[in-house]
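Notes follow once the structure below has been shown.
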Amino acid sequence: MKKYIVTGGAGFIGSAVCRHLVKDKKCAVLNLDKLTYAGVPESLKEIEDSKLYRFAQADVCDKDAIAALFADFQPDAVMHLAAESHVDRSIDGPAAFMETNIMGTYTMLECAREYWNTLSDDRKTNFRFHHISTDEVYGSLGTEGLFEETTSYDPRSPYSASKASSDHLVKAWFHTYGLPVVITNCSNNYGPYHFPEKLIPLVILNALDEKPLPIYGKGDNIRDWLYVEDHARALVTVVDSGRLGETYNVGGRNERTNLEVVETICDILDELRPRQSQNDECSLSNDAESSDQPTNVAKSYRDLIIFVTDRPGHDARYAIDATKLETELGWKAQENFDTGIRRTIQWYLDNDWWWRPLREGRYSGERLGRA
Ligand SMILES: NC(=O)c1ccc[n+]([C@@H]2O[C@H](COP(=O)([O-])OP(=O)(O)OC[C@H]3O[C@@H](n4cnc5c(N)ncnc54)[C@H](O)[C@@H]3O)[C@@H](O)[C@H]2O)c1
């Protein structure tokens, strides 16, 4: 049975990867996670009792701890997702991003290399180190064009610069030491178990709490959205079948402006969980004209939208060309944005046991990353 170390497996994407590997692929997983503010062990509830699943609380910068886990677990592959992942937090405090994303990746590479050197020829050939990265390393697009695997790196935020650095380290370990690596660069993810600091869950949960729905700038920045379970399948496809030393872009061909995303969430919530009627009090509504309208007319969540100062250095547009992954490895996204966002909103409506403690204890929606 194939054995995978997944770093950052208590995070949003890592937990989807662990669930997919254990539930669908019946593989053995060691989830190695420090449990920072973004680590949520409850996201692994569906698999935590499985014999195939193990958890170890460890920091990817802690070489001794990581080396001991490699020696004990004897993985066939490493999927390295552990990172500081929120651009706004990287603006407020870049140090943790440099430490975890750059030095942590360096430490993982060194531990993987030392372990890999101890393997038999057969296991050595089949071993993989997979670095999970972002399309943000490519910088910002104008109105035309797509990011391809050959697009030059041009990171603009401390977060994307740290991920670009770690991509370069991974490529260097391939060329210099022959460590068998693959890299994926993916667009924005959304879906269940998404920490409520990111745009989509923040908007869903603020709307349910009747709080303002903040949109940076004019809301015209474009992101290319991918449902997290499609990403998890793509990652396992690449670590199992990708060509050595290659990069694969992952994306869902679902470009939306931030304003379109927020309006879509409002419209679906209007249908699934209508707001109170017009004459009920809504202290945070920014619709100044609402009191002139007739009573008992259902209000829309769109009335909660407000426009706030833009993020410094906010990239205008990201869009991924995933042709290589689709044609070479046969992966295809199963959800489009319209189906995926509806599933996501329904999941948040059904699973307040998961998000309520995070909103009350760890992050309640305050503005981050103003520089
Ligand atoms: N979220 C996206 O849209 C997106 C898109 C493309 C790529 N990525 C990349 O995918 C990966 C996962 O992203 P995510 O959104 O799931 O992140 P996340 O913030 O939800 O989870 C990160 C996880 O890493 C763990 N972690 C952080 N520092 C650690 C350390 N020093 N040692 C061990 N564990 C540590 C955290 O506890 C958490 O469980 C990241 O590498 C990110 O750059 C994310």
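The values are calculated or read from the model by the stated rules, or taken from the named source; none is laboratory data. Every value quoted in this text rests on a predicted model; they were computed, and no experiment measured them. Neighbour counts are summed over all protein chains in view; Cβ atoms, including those assigned to glycine, are modelled from backbone coordinates with ideal geometry. These area figures cover heavy atoms from the full protein model, side chains too; ligands, DNA and RNA do not enter into them. Shrake-Rupley method; radii C 1.70, N 1.55, O 1.52, S 1.80 Å.
Listed values, structure above:
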| read-out | value |
| --- | --- |
| Residues of the range 207-234 classified as open to solvent by 40 Å² or more (accessible area, probe 1.4 Å), part of a loop (DSSP other than H, G, I, E, B), of a type outside the set (Lys, Arg) and at negative phi, total | 2 |
| Failed criterion for residue 174 (all others in (1) away from the ligand (no atom under 16 Å from the Cβ); (2) in a loop (DSSP other than H, G, I, E, B); (3) not aliphatic (A, V, I, L, M) hold) | (2) |
| Tabulated pairs, the range 43-66, first crowded, with 16+ Cβ neighbours inside 10 Å, second part of a loop (DSSP other than H, G, I, E, B), C-beta under 6 angstrom, 6+ apart or interchain | 43/193; 53/47; 59/34; 60/82; 65/58 |
| Any chance residue 178 is free of Cβ contacts under 8 Å to residues at least 60 places away in the same chain and either open to solvent by 40 Å² or more (accessible area, probe 1.4 Å) or more than 20 Å from residue 82 (Cα to Cα) (or both) | yes |
| All positions within the range 332-371 that are aromatic (Phe, Trp, Tyr), surrounded by 12 or more Cβ atoms within 10 Å (Cβ to Cβ) and within 17 Å of residue 44 (Cα to Cα) | 347, 348, 354, 355 |
| Hits in the range 346-369 (condition: part of a loop (DSSP other than H, G, I, E, B) and free of Cβ contacts under 8 Å to residues at least 12 places away in the same chain) | 364, 366 |
| Sole exception among (1) at pLDDT 95 or above; (2) over 30 Å from residue 42 (Cβ atoms); (3) not aliphatic (A, V, I, L, M) for residue 217, by number | (1) |
| Failed item, numbered, when residue 5 is tested on (1) in contact (Cβ under 8 Å) with a residue 12 or more places away in the chain; (2) in a loop (DSSP other than H, G, I, E, B) | (2) |
| The range 158-197: number of residues that are out of contact with any Phe, Trp or Tyr (no Cβ under 8 Å at 6 or more places or on another chain) and under 23 Å from residue 262 (Cα atoms) | 1 |
| Set 22, 6: member being more than 14 Å from the ligand (Cβ to nearest atom) and open to solvent by less than 30 Å² (accessible area, probe 1.4 Å) | 22 |
| Residue among 229, 197, 246 that alone is at pLDDT 95 or above and within 16 Å of the ligand (Cβ to nearest atom) | 229 |
| Residue among 87, 40, 60 that is of a type in the set (Val, Ile, Thr), touching a Gly at 6+ places or on another chain (Cβ under 9 Å), within 12 Å of residue 7 (Cα to Cα) and within 11 Å of the ligand (Cβ to nearest atom) | 60 |
| Pairs with Cβ under 6 Å, 6+ apart, first in the range 123-148 and farther than 17 Å from residue 100 by Cβ, second among the charged types (D, E, K, R) | 139/154; 139/156; 140/315; 141/317; 146/321; 147/135; 148/321 |
| Members of the range 317-331 found to be surrounded by fewer than 19 Cβ atoms within 10 Å (Cβ to Cβ), more than 21 Å from residue 136 (Cα to Cα) and not aliphatic (A, V, I, L, M), listed by number | 327, 328, 330 |
| One residue from 285, 277 being at pLDDT below 90, in contact with a Leu (Cβ under 7 Å, 6 or more places away or on another chain), surrounded by fewer than 20 Cβ atoms within 10 Å (Cβ to Cβ) and over 26 Å from residue 318 (Cβ atoms) | 285 |
